[in-house]
Amino acid sequence: MSYSTSNDQRKPAIVILDFGSQYSELIARRIRETEVYSLVVSYSTTVEELRKLAPKGIILSGGPSSVYAEGAPLCDPGIWDLGIPVLGVCYGMQLMVHQLGGRVEAAVGKAEYGKAPLFVDDPSALLTNVENGSTMWMSHGDSVRALPESFVRLAYTENTREAVIASHERRLYGVQFHPEVVHSTHGMALIRNFVYHICSCEPDWTTNAFIDEALAQVKAQVGEKRVLLALSGGVDSSTLAFLLNKAIGDQLTCMFIDQGFMRKGEPEFLMEFFDQKFHINVEYINARERFISKLQGITDPEEKRKIIGAEFIRVFEEESVRLGPFDYLAQGTLYPDVIESAATNVDPKTGERVAVKIKSHHNVGGLPKDLQFKLVEPLRNLFKDEVRKVGRSLGLPEEIVKRHPFPGPGLAIRILGEVTNQKLNCLRDADLIVREEISKSGLYNQVWQAFAVLIPVCTVGVMGDQRTYAWPVVLRCVSSEDGMTADWSHLPYGVLESISNRIVNEVEGVNRVVLDITSKPPGTIEWE
Ligand code: XMP
């Protein structure tokens, strides 16, 4: 029922029933931004299960279905009589109306998508501080035609007669728009009203509260036993290392496997930082030779990824035996992974429920579950921005907290075709220049990723009086919210110019720099 672990000590103040909206997760994040803990659970969660969770409020998410579609996801009708305030968002509001005896109809010719000004009838309770005429984000085909008994309208838009409704008596509320998206200018005010005024929640979801609870939970779970953590240097595994070090000190062993595909200076930086500066127990495993020799003659991207993933697991297993025995394996699983692997989506056409596709990326978070370890996953209820706050609060430097995502297979998937040490060295140098120049320009925190890709196909150039015949490097720089979609960054010409000049002048083996101006879709962020 819950998309969360069963051993959670903290109960959610607000529970979000997920009807398959792309925004369910975003609602949870918005609630947490108000310092109130919220969790996403399946729409099919029963009233008995909800009673056990004892939330102060329930939100029904939107969803792609029509309440009349065959197989449309319905909630336990007992929810309306639980005595807990409920806010229905979009589909959630229509479901509320439908199940309580009102009428919902297809808004023929009047479907509303995009921004619409909201006209407020009653500026109290749910709509306190929601300005009359403020913009809200609409995305619906069906509309409410007749309200159930005891409901009143609180606001409307030009095309939607019942845009905000309430039964004050039953503490049931509905909004036809999406207050959680940034285009809804006063959406956060509405969410705050629901959370604080209507549900009387306390602002107790803070970084420090999380850290205290997580430390206690880890200590209770692990006791005197030993824990192994595969450290990659990314923000998740680094935060986890800091948290576990604080909780269990010497019982933690971090393993850093250097597969030879890291960026320039990263293995050295990591070892110096964790091992020497913070005295966190990190075992450096130099596996460079193993990986590069496995990739000899391999040119197909998928094959490369599979070989690297398999080798990673082999090294990990061998080294864990050598350093072990360990009872627990710590993993930096985050809440979006938990939701994604538990959630089901509803097909808008057939109304059938379909499993959400899970990414096949192999990285250190993706070790096989049949390894003989019990799991420690203290970050599994956190969103990425919450992990960053925790990391920062535990003393991780900005350099790691703000680090761009870096793929598990590293530079190997940024060299097209066969990977060799010569190409790796060349790409490392080019990549460092990209990072340096992007940082110097002050744009590092505004872009999702900025990196170089090596195309080992020679092109002709001229340097001094000499003809050159060398490789081009591609500059890939994208902006994105979550890596699922992305746009190429419109970098200033001056920045492009210094990157290009420096790479051609400083990197041996490269005589040309080109810019990738493809968004995702249709391109992917990485080239392989
Ligand atoms: P694509 O190339 O699929 O990448 O648009 C989306 C995001 O995922 C990162 N990425 C990976 N991360 N292991 C990872 O941990 C991988 O195998 C992997 N492949 C791609 C990529 O850098 C981008 O941020």
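The values are calculated or read from the model by the stated rules, or taken from the named source; none is laboratory data. The structure presented is a predicted model; accordingly, all values stated were derived computationally and were not measured. Cβ sites come from the backbone with ideal geometry, for glycine too, and all protein chains shown count toward neighbours. The area values use the complete protein model at the heavy-atom level, side chains included, leaving out ligands, DNA and RNA. Shrake-Rupley method; radii C 1.70, N 1.55, O 1.52, S 1.80 Å.
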Exercise for the section: Tell me, please, whether a residue that is within 33 Å of the chain's Cα centre (by Cα), in the same structural domain as residue 57 (by TED's automatic domain parsing) and open to solvent by 30 Å² or more (accessible area, probe 1.4 Å) can be found in segment 151-159. Expected result: no
Problem - Given (1) part of a helix (DSSP H, G or I); (2) over 32 Å from the mean Cα position of the chain (by Cα), index of the condition residue 68 fails - result: (1)
Practice task
Would you check if there is a residue in segment 478-493 being more than 16 Å from the ligand (Cβ to nearest atom), open to solvent by 50 Å² or more (accessible area, probe 1.4 Å) and hydroxyl-bearing (Ser, Thr, Tyr)?
Solution key: yes
Exercise for the section: Among the residues of segment 494-528, write down those that are away from the ligand (no atom under 12 Å from the Cβ), open to solvent by 60 Å² or more (accessible area, probe 1.4 Å) and free of Cβ contacts under 8 Å to residues at least 40 places away in the same chain. Expected result: 497, 501, 505, 517
Completion exercise
In segment 475-524, anything closer than 22 Å to residue 425 by Cα and part of a loop (DSSP other than H, G, I, E, B) is listed as 507, 508, 509, 516
Exercise for the section: Tally the residues that are within 16 Å of the ligand (Cβ to nearest atom) and not aliphatic (A, V, I, L, M), restricting the search to segment 438-474. Expected result: 6
Fill in the blank from the handout: Heads up, the helices (runs of 4 or more DSSP H) in segment 245-325 (entirely inside) with at least 3 residues that are modelled with pLDDT of 95 or more and over 30 Å from residue 398 (Cβ atoms) are 288-294, 301-323
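Which residues, taken from segment 219-254, are among the hydrophobic types (A, V, I, L, M, F, W, C) and over 23 Å from the mean Cα position of the chain (by Cα)?
Scanning segment 219-254 gives 220, 222, 227, 228, 247, 248, 252, 254.
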Exercise for the section: Please find, within segment 382-412, the residue that is farthest from the ligand (Cβ to nearest atom) out of those that are in a loop (DSSP other than H, G, I, E, B) and either of a type in the set (Val, Ile, Thr) or over 30 Å from residue 295 (Cα atoms) (or both). Expected result: 395
Problem - Contacts under 7 angstrom Cβ, first residue in segment 303-316 being away from the ligand (no atom under 12 Å from the Cβ), partner in a helix (DSSP H, G or I) and open to solvent by 40 Å² or more (accessible area, probe 1.4 Å), 6 or more apart - result: 307/294; 311/290; 311/294; 315/290
Practice task
Inspect segment 241-249 for any residue being more than 16 Å from the ligand (Cβ to nearest atom), touching a residue at least 12 places away in the same chain (Cβ under 8 Å), open to solvent by less than 10 Å² (accessible area, probe 1.4 Å) and not small (Gly, Ala, Ser) and give the result as yes or no.
Solution key: yes
Practice task
Determine, yes or no, whether residue 461 is surrounded by 11 or more Cβ atoms within 10 Å (Cβ to Cβ) and part of a loop (DSSP other than H, G, I, E, B).
Solution key: no
Problem - Every residue from segment 413-434 that is within 16 Å of the ligand (Cβ to nearest atom) and over 16 Å from residue 458 (Cβ atoms) - result: 413, 414, 419, 431, 434
Exercise for the section: May I ask you to verify whether residue 415 is open to solvent by less than 10 Å² (accessible area, probe 1.4 Å) and of a type in the set (A, V, I, L, M)? Expected result: yes
